[in-house]
1. If amide H atoms are built 1.01 Å from N in the plane of the peptide, which residues on other chains or at least 5 residues away come under 5 Å of the amide H of I92?
2. What is the sum of charges around T124, taking Lys and Arg as +1, Asp and Glu as -1, for the other residues whose C-beta is under 13 Å from the C-beta of T124?
3. Using helices alone, what [θ] at 222 nm do you get for the chain, with -39,500 (n - 2.57) per DSSP H run of 4 or more residues, divided over all residues and rounded to the nearest 500?
4. Can you work out the Karplus-derived ³J(HN,Hα) for every residue in segment 151-159? Use 6.51 cos²θ - 1.76 cosθ + 1.60 with θ = phi - 60°, whole Hz, and x for glycine or proline.
5. For V7, enumerate residues with amide H under 5 Å from its amide H, sequence gap 5+ or separate chain, H modeled in the peptide plane.
6. Once you have the Kirkwood Rh of the chain from its Cα pairs, apply Stokes-Einstein at 4 °C and 1.567 mPa s and quote D in µm²/s.
7. Counting C-alpha atoms alone, how compact is segment 1-104: give Rg to one decimal and Dmax as a whole number, in angstrom.
8. Can you tell me the order of 39-48, 95-104 when each peptide is scored by its average per-residue count of other Cβ atoms within 10 angstrom, highest first?
Amino acid sequence: MELKDKVVVITGGGQGLGRQMALRLAAKGAKLALIDLNQEKLDETVALVAEAGSEARSYIANVADEAQVESTFAQIADNFGRIDGLVNNAGITRDGLFIKAKEGKVVQKMSLEHWQQVIDVNLTGVFLCAREAAAHMIEGNTQGVIINISSISRSGNMGQTNYTAAKAGVANMAVTWAKELSRYGIRVAAVAPGFIETDMTAGMKPEALEKVCSVIPMKRLGLPDEIAHSVEYIMENDYFTGRVIECDGGLRI
Ligand code: NAP
């Protein structure tokens, strides 16, 4: 897909990886519809996109809320006249051990609340946004592209039962949707980042971060623009569908 003048929706576009994706795609002439929960951060991204020479609009919506997602995508289609791309990037973590015991006594369990919060945003949110984007692409006769942001953690990572379940889910939903939607000319794929320099990793303990870097073959965290580059590649390569790009510096967890 040639990105010039295409309309791409990015969830969680207010900061971090979503913001960097917006800037990279804007530099290629794409127009951005940015969904997030924080108006201030969205305003900053919109201004940066304008500096990069393109246009963006912001939309406040919770990706886990069906009614909000439906009305937001309808609004985007109305504002821009089309939807060509979606990056399902919004995500949260609520890390904790599945179960923790000391001297044979259980002292901690992952709460249902933390399980559900992550599943709601990282899995259900992706399902809802992709469904609405695909519906608008089909009705608008657009040969669109949908990208789910998964994670290296999808293979299983200690302390992330909820997150790994969701990230494995979004990677596999991309494969299913690629098979189902190819008949409409829609491509679907996923990107599984390793550990990237963002607020999400800034929240990790320094010792944990140092330990992670020591086992990454590239010996450093990834940069947000290196993930945005993978997104741009999928958007532009018309034969890429149903696969996951692993952009993780060679790390296996
Ligand atoms: P981030 O800095 O925390 O940004 C995520 C954005 O999503 C925030 O702006 C957040 O808004 C928004 N968001 C959260 N819940 C939302 C909801 N229910 N509805 C709408 N927007 C919502 O995260 P990031 O590091 O850029 O990560 C982006 C994606 O990459 C996530 O899916 C993450 O799991 C994945 N990933 C990241 C890394 C990494 O190392 N950073 C590695 C692998 C995968 P608020 O802040 O206002 O809540």
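Every number in this text was worked out from the coordinates using simple rules, so none of it is lab data. None of these values were measured; they are calculated from a predicted model. When we count neighbours, we look across all protein chains shown, and the Cβ atoms used for this are built from the backbone with ideal geometry, even at glycine.
1. Residues meeting the amide H criterion: N122.
2. Details: positive: R131; negative: D65, E66, D120, E132.
Overall, the nearby charge balance is -3.
3. Details: 9 runs with 110 residues, N = 253.
The per-residue figure over the chain is -13500 deg cm²/dmol.
4. Values per residue, Gly and Pro as x: 6, 4, 5, 5, 7, x, 8, 3, x Hz.
5. Here the answer is K31, D84, G85, since their amide H atoms fall under 5 Å of that of V7.
6. Working: Rh = 18.4 Å.
Rounded, D is 70 µm²/s.
7. In order Rg, Dmax, the Cα atoms of segment 1-104 give 16.4, 62 Å.
8. On the way: 39-48: 15.8, 95-104: 11.4.
Listed from highest to lowest mean packing, they are 39-48, 95-104.
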